[in-house]
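No value in this document is a laboratory result; all are computed from the given coordinates. It should be emphasised that the depicted structure is a prediction, and the values quoted were computed from it without experimental measurement. All Cβ positions, glycine included, derive from the backbone under ideal geometry; neighbour counts span all protein chains shown.
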C-alpha cells in the first residue's frame, strides 16, 4: 500500500469587484429657467415630468440634488451632455459627478 496523501485540486476563482459608482449632481443657479432644467432632465436622464420637476425643485431649495447613480463613464457622459445643453443656450446650468460612498 502506498503512503501517498492525495489532495484534491481546487480551483481558485478570481474575485471581481463591481465598478465604483458615481453620482450625477445638479447644481442650482439663479439664471437657468426651471422649465429648461426639467426638459434637460427628461432628455438626458429619461425622467418623466413629475420626477424631473421634483429633482429641479429639490436642487432649487437645497442648492444641489443627486440626479442619479451610474458607472463612471455613463455618469460623466450624461453630466457633460446635460451641462453642454445649458451652455449651448447660454445658461450656466451645471451637472457634476462624484464617487458614491
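Key figures
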{"read-out": "The chain: calculated mean residue ellipticity at 222 nm from DSSP helix runs of at least 4, using -39500 (n - 2.57)", "value": "-14000 deg cm²/dmol"}
{"read-out": "Sorted by Cβ neighbour density within 10 Å, fewest at the top, the residues 30, 73", "value": "30, 73"}
{"read-out": "Fewest-first sequence of 101, 35, 44 by Cβ atoms within 10 Å of each Cβ", "value": "101, 35, 44"}
{"read-out": "Stretchable slack from residue 81 to residue 62, in nm (0.36 nm times residue separation minus alpha-carbon distance)", "value": "4.5 nm"}
{"read-out": "Computed FRET value (nearest 0.05) for residue 89 with residue 21, which takes r as the C-beta separation and R₀ as 30 Å", "value": "0.50"}
{"read-out": "Residues 77, 10 arranged by fewest to most Cβ contacts within 10 Å", "value": "10, 77"}
{"read-out": "Contact order normalised by residue count of the chain, Cα under 8 Å, 6+ apart, percent", "value": "41 percent"}
{"read-out": "Cα radius of gyration and Dmax for the chain (Å)", "value": "22.8, 89"}
